Amino acid sequence: MMTSPYPLPDTPESDELLVMRNSGAAQRALDYYLKENVSAPIPDDIFFDIKPGISHEDALVHASDLLRSAAAAAYESASSRQGNQRDLAFSVVYLIDMAKAMVEQTLQAPAGQASA
């Protein structure tokens, strides 16, 4: 009988291996490679969600308010910078102002022309 000159290391199952075996990522990987029908993805916790049934007008009003806040933060950031960093921050202010103008124009358009 022949034995290996190098003893094989014992590999006791550690807690880390048990945790990895039961993880969602490991399950998805096994599903992808071993199953024809992949299990449904587990939904992540949603940090921010839109209220179901909100009207387009209410959503646009809220978007306009968010853009106003973003513009204020970007403008404040730009005012404390110099050189290229200041130019870059003011370009963000400009982009936000353009998006806000588009949202506000959509709010002012008659209902039939809003989607045209």
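Could I have the simple spin-label model distance between Asp97 and Leu30, label points 7 Å from Cα toward Cβ, reported in nm to one decimal?
Going from the Asp97 label point to the Leu30 one covers 5.7 nm.
For region 90-101, just list the computed ³J(HN,Hα) in residue order, Karplus coefficients 6.51, -1.76 and 1.60, θ = phi - 60°, integers in Hz, with x standing in for Gly and Pro.
With coefficients 6.51, -1.76 and 1.60, one gets 5, 5, 5, 4, 4, 4, 5, 4, 5, 5, 5, 4 Hz.
Using the Karplus curve 6.51 cos²θ - 1.76 cosθ + 1.60 with θ = phi - 60°, work out ³J(HN,Hα) for each residue of region 22-29 in order, rounded to whole Hz, and write x for Gly and Pro.
With the stated coefficients, region 22-29 comes to 9, 7, x, 5, 5, 5, 5, 5 Hz.
In what sequence, highest mean first, do 79-87, 66-74 appear when ranked by Cβ atoms within 10 angstrom? Please list the in-between numbers first.
On the way: 79-87: 10.2, 66-74: 15.7.
Ranking the peptides 79-87, 66-74 by packing returns 66-74, 79-87.
Work out from phi, with θ = phi - 60° and the Karplus expression 6.51 cos²θ - 1.76 cosθ + 1.60, the ³J(HN,Hα) of each residue of region 70-86, listed in order in whole Hz, and give x for Gly and Pro.
Working through the residues one at a time gives 5, 5, 4, 5, 5, 5, 4, 5, 5, 5, 9, 10, 9, x, 5, 5, 5 Hz.
Here, each number is a calculation from the coordinates, and none is a lab measurement. Since we're looking at a predicted model, the values are computed, not measured. Here Cβ is always computed from backbone atoms with ideal geometry, including for glycine, and neighbour counts include all displayed protein chains.
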